Amino acid sequence: MKRYSKSPDCPNMAKTTSGMQVSIRTFQATDLASILNIQRESFTKEFCWSKREVQRFIRDPRTTCVVARSGDLLTSSIVGYCMYRHAGRAVQVWDIAVSPCHRRKGIGKALITYVWRVMVGGRLRQRRVVCVVAADPSGTMRFFRHMGFRAVGVIDDGCRPGVDAFTMSAEPERQVEYINRISRYYNAITQEY
């Protein structure tokens, strides 16, 4: 099931910080099992969605799901995904996960950057990305802060009793320009060597 076609303004190939080549594309029905596996590896049972919940969420016309694939065409596998919903003046990231054995390689960054480039490229009217992140030591908040998100609110017991959550927000236009500036600088330095 393909809700949105790829934007010509948004390249679907990314090279991660570890040099791994990753392609990002919209969800297809055959990706469901991989998404559920990554979810089970990434979250405790109470935070995993059922197959039916994921299917219902993806069928919603306001929702987009993209997957990150590593490897070449014959041996590629899904290593991460991001589900987001168009909500008024913002895009809300509902779920993002990367397979534990592929973390800290830039795949999460590639997924969020893809969403930002689609937004800034003009396909979406929204100019802000929001998400709700548990206030726990898992590194999720650190990831979103590194990506330019800032905490804009607190939800008491937002994830489960005793675990608060933060509403975080970012403005992609600023972030895409920052990422492009860093990329140009990095490319200039690496060409000198």
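The values are calculated or read from the model by the stated rules, or taken from the named source; none is laboratory data. Since the structure is predicted, the reported quantities are computational estimates derived from the model, not experimental observations. Cβ coordinates were reconstructed from backbone atoms using ideal geometry, including for glycine residues, and neighbour counts include every protein chain displayed. Remember, those area values only see protein heavy atoms, side chains included, never the ligands or the DNA or RNA. Shrake-Rupley method; radii C 1.70, N 1.55, O 1.52, S 1.80 Å.
Residues that are open to solvent by less than 10 Å² (accessible area, probe 1.4 Å) and of a type outside the set (Phe, Trp, Tyr) within segment 70-92 comprise 79, 80, 82, 83, 90, 91, listed in sequence order. How many residues are buried (at least 19 other Cβ atoms within 10 Å of the Cβ) and at positive phi if we restrict to segment 93-120? Number satisfying all stated conditions: 1.
Of the residues contained in segment 14-32, one or more are found to be surrounded by 16 or more Cβ atoms within 10 Å (Cβ to Cβ), assigned to a loop (DSSP other than H, G, I, E, B) and at pLDDT 75 or above. Which of the residues that make up segment 49-64 are in a loop (DSSP other than H, G, I, E, B) and closer than 13 Å to residue 83 by Cβ? Correct list: 49, 60, 62. Of the numbered criteria (1) within 26 Å of residue 47 (Cβ to Cβ); (2) modelled with pLDDT under 70, the one residue 142 fails is (2).
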